Amino acid sequence: MKELFPFIGYESGELLVEEVPVKRLVQELGTPLYVYSRKALEFWFREFDDAFSDVEHLTCFAVKANSNVNILKLLKDLGAGADTVSMGEIFRALTAGIPPEKIVFAGVGKRKEEVEYALERGILMFNVESEGELELIESVASRLGVEAPVAVRVNPDVDPKTHPYISTGLKAAKFGVTLEEAERLYLFAKESKYLRPVGVHFHIGSQITDVSAFGEAAGKVSELVKVLRDRGVELEFFDAGGGLGINYHPEEEVVPAERLARELIPIVKELGLKLILEPGRRVTGNAGLLLTEVLYVKERGDKTFYVVDAGMNDIARPALYGAYHHVVPVVGREGKKRRVDVVGPICETGDIIARDRELPEVKPGDYLAVLSAGAYGFSMSSNYNSRPRPAEVLVDGASYRVIRQRESLADLISREF
């Protein structure tokens, strides 16, 4: 196989996921269709997790990247925990069999019932984002008569050099608290009967390829840990978040997870803490793709549009961030190429999957594959324009199984009566 990404590539001019021709999938299951590779998921998880084998660590998959329970079960079997940001994600993780002691709960807007749900199930810790949240957790823990394990999310004011919408470690971001405020919150938690400070947390953003930003942030946070020790606050966990980027173009360099490990491991070893990591995109991004049918080839002056049946409701990232996804034909075509926009059927001008791309000539009825769609693809999809969401498929060698049924028209209104 001539690989585009591990376990996804061409053989005899036809696109395969592992040993399954994707043309067979669209003929049997229709489009739009999300397809994931089991072997690729295992490959990317191990590539990341193994890089930190020199220290005690827990890799908590960021459920928001891909929340399908079957994917979570697969990762659980590889030893993954879960990084969650809602009660629903905790529910999904537990349903997948991830032990509660491997689940962390982050997010700036936790509701009272979510805190209660997490406490009753005995999760590993809350990543606390504000003073008000810490007070709420204490109040709920008091009412339940339990001790809540907490880590304060520190905003280290480090520029991760990524898209502004996914930069979370700068002062202007809504996430976390300052180093100074964090110290005060830890001392408050230390004195509380119902709070137990167990860790420190930071997460500076997503799709980061300059790993020095992680080292800079970890260095700042490690100084806080030392100050806390002097104040009698002993922690167990150093949660460095996620955010290591992937290559969205097959010819781009992949930043090895080992580079990130070299930034973090010396700091964690010096502190003697257990490392928690929260990769999402890094594990599932290049393990999945979105298949779509070409409906029309539309010419307008010197502009050509490939109108496809997948839209911004199926894959939101291009419209939301102007994000790049590599697009390839399902059946490889030699010869003339055209500069085109690949656009969806949604009634929005921004419904553009690929802008000004050089692609082979296609005709209606042909199929295209949108690559690197295993993270923030289906999980960000919606029913906008009253469109049923796609099915999801997991390929394993020469076989596959549907892990989420395609929604029906009846599903669209099932909650409206």
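Bear in mind these aren't lab numbers, they're just calculated from the coordinates by the rules spelled out. In this text the structure is predicted, and so the values were computed from the model without any measurement. Every residue, glycine as well, gets a Cβ built from its backbone with ideal geometry; the counts of neighbours run over all protein chains shown.
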Worksheet item: Contour minus end-to-end for residue 131 and residue 78, with contour as 0.36 nm per residue of separation and end-to-end as the Cα-Cα distance?
Response: 15.5 nm
Practice prompt. Report the one residue of 227, 146, 377 whose Cα lies farthest in the direction of the positive end of the charge dipole of the chain (charges on C-beta: Lys and Arg +1, Asp and Glu -1; origin at the Cα centre).
Written response: 377
Response to the item:
Full extension between residue 320 and residue 120 adds, at 0.36 nm per residue less the Cα distance, a length in nm of 68.4 nm
Discussion item. If neighbour count is taken as other Cβ atoms inside 10 Å, put 125, 87, 1 in order from fewest to most.
Written reply: 1, 87, 125
Worksheet entry | Overall Cα dimensions of region 225-330, principal axis frame, Å, largest first | 70, 26, 23
Worksheet item: region 1-54 to region 195-221: how many Å between their Cα centroids?
Response: 31
Response to the item:
Along region 145-156, Karplus-curve 3J(HN,Hα) (6.51, -1.76, 1.60; θ = phi - 60°) to the nearest Hz, with x for Gly and Pro, reads x, 10, 9, 8, x, 10, 10, 8, 7, 9, 9, x
Worksheet item: Where does each of 231, 300, 92 land when they are ranked from fewest to most other beta-carbon atoms within 10 angstrom?
Response: 300, 231, 92
Worksheet item: So if we plug the beta-carbon distance of residue 416 and residue 336 into 1/(1 + (r/R0)^6) with R0 = 56 Å, what FRET efficiency do we get, rounded to 0.05?
Response: 0.70
Worksheet item: Rg to Rh for region 38-280: what is it, with Cα atoms only and Rh by Kirkwood?
Response: 0.95
Practice prompt. Determine the gain in length on full extension of the stretch residue 407-residue 357; use 0.36 nm per residue of separation and subtract their C-alpha separation, reporting nm with one decimal.
Written response: 14.9 nm
Fill in: Neighbour-count order for 29, 394, fewest beta carbons within 10 angstrom listed first
29, 394
Fill in: Unit charges at the beta carbon, dipole of the chain: most positive-side option, 268, 17, 188
17
Practice prompt. Show which lysines lie in cross-link reach of residue 190 when reach means a straight Cα distance below 27 angstrom and same-chain residues fewer than eight apart are skipped.
Written response: 102, 110, 112, 171, 174, 220, 226, 269, 274
Worksheet item: If you plug each phi of region 366-373 into the Karplus form 6.51 cos²θ - 1.76 cosθ + 1.60 with θ = phi - 60°, what whole-Hz ³J(HN,Hα) values come out, in order, with x for Gly and Pro?
Response: 6, 10, 10, 10, 9, 7, 6, 9
Discussion item. I need the helices of the chain that pass two filters: whole DSSP H segments spanning 15 Å or more by Cα along the axis, and mean Kyte-Doolittle score no lower than -1.0.
Written reply: 38-49, 131-144, 179-191, 212-230, 257-271
Worksheet entry | Student exercise, the chain dipole from Lys, Arg, Asp, Glu Cβ charges, in Debye to nearest 20 | 700
